[in-house]
Amino acid sequence: GGGGRTFLRYASAEDSTVVRQEMWSGGADVGVRAGVSRKDFGDVTAGRHVGTQPNTAYEEDDGDVKLVWKLDERRRIVAAFQHVSLEDAPRTHRTIAAKSWRGTTVGADRALEISNLRDLAYVQYRAEDLDGFFDRAQASLSWQRIGERESRIRGSGARDLREFDVDTLGLWSRLSSPTSIGRLTYGAEWYRDRIESDGFNAAAAGAVTS
């Protein structure tokens with residue numbers, strides 16, 4: 001069988017809307033579930049007479065899909081992919097657009113925005129109620145990418161850009177055995193990271209750098 005549902009959330013404090021659509025389908029041996037989300041956050045309206053805080057709006061897009069394949073009553077394979085994308089979220093408290101609250105210091109930057117990206121994919125083998133020394137077994141192969149970009153305009157007008165990407169390949173296994181003194185869990189893990197970073201500084205027009 002299959003089906004779907006829609007989730008909708010609205011909040012007046014930041015004039016935000018969150019919409020998520022989910023769909024699923026499957027039978028006795030294979031099932032699939034997928035979903036997409038859209039999040040729009042407007043400028044925050046604070047209490048205590050602070051009022052609307054400008055330049056606090058941002059957007060986020062998410063998506064995910066998961067497959068479960070039942071090999072038999074004891075064993076199954078699970079595969080999944082997740083995606084999160086956050087574009088140009090402002091760090092308003094560090095900029096001149098911030099509003100002081102009870103004497104807090106307002107930032108000096110003209111603008112500061114952060115973008116984040118996360119992708120995760122994995123395939124897992126899961127087994128339980130097994131005969132032998134161990135009765136549960138799991139193994140996983142995964143890949144993850146995390147990216148971040150920071151765009152900054154200083155009070156002088158100078159521009160900074162910093163970005164990095166981290167790719168992680170992971171492999172782990174886990175076994176579990178019942179014993180007379182309790183359950184014994186053991187296994188192994190291996191992860192490898194590949195990191196790339198970049199950036200530049202551009203002085204404001206007419207500025208002298210050293």
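The values are calculated or read from the model by the stated rules, or taken from the named source; none is laboratory data. Here the structure is a predicted model, which is why all the values come from computation and not from measurement. Here the Cβ is made from the backbone with ideal geometry for all residues, glycine too, and neighbour counts use every protein chain on show. Calculation scope for accessible area: heavy atoms of the full protein, side chains included, ligands and nucleic acids excluded. Shrake-Rupley method; radii C 1.70, N 1.55, O 1.52, S 1.80 Å.
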Within the range 179-193, restricting attention to residues that are farther than 12 Å from Ala139 by Cα and hydrophobic (A, V, I, L, M, F, W, C), which residue is most open to solvent (accessible area, probe 1.4 Å)?
Ile181
For residues that are outside any strand (DSSP E or B) and either open to solvent by less than 40 Å² (accessible area, probe 1.4 Å) or in contact with a helix residue (DSSP H, G or I) (Cβ under 9 Å, 6 or more places away or on another chain) (or both), scanning just the range 156-178, find the one that is nearest to Leu117 (Cα to Cα).
Ala158
Output the number of the condition that Gln21 fails; it satisfies all remaining conditions of (1) assigned to a strand (DSSP E or B); (2) open to solvent by less than 50 Å² (accessible area, probe 1.4 Å).
(2)
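Here's the yes/no breakdown for (1) over 30 Å from Val36 (Cα atoms); (2) in contact (Cβ under 8 Å) with a residue 40 or more places away in the chain; (3) among the β-branched types (Val, Ile, Thr); (4) touching an Asp or Glu at 6+ places or on another chain (Cβ under 6 Å):
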| residue | (1), (2), (3), (4) |
| --- | --- |
| Asp88 | no, yes, no, yes |
| Gly103 | yes, no, no, no |
| Gly107 | yes, no, no, no |
| Arg110 | yes, yes, no, no |
| Arg126 | no, yes, no, no |
| Ala139 | no, no, no, no |
| Trp143 | no, no, no, no |
| Arg174 | yes, no, no, no |
| Leu184 | yes, no, no, no |
Pick out, from the range 41-141, the strands (runs of 3 or more DSSP E) lying fully within it that include 1 or more residues that are under 29 Å from Ser12 (Cα atoms), modelled with pLDDT of 95 or more and open to solvent by 40 Å² or more (accessible area, probe 1.4 Å).
58-70, 75-90, 111-127
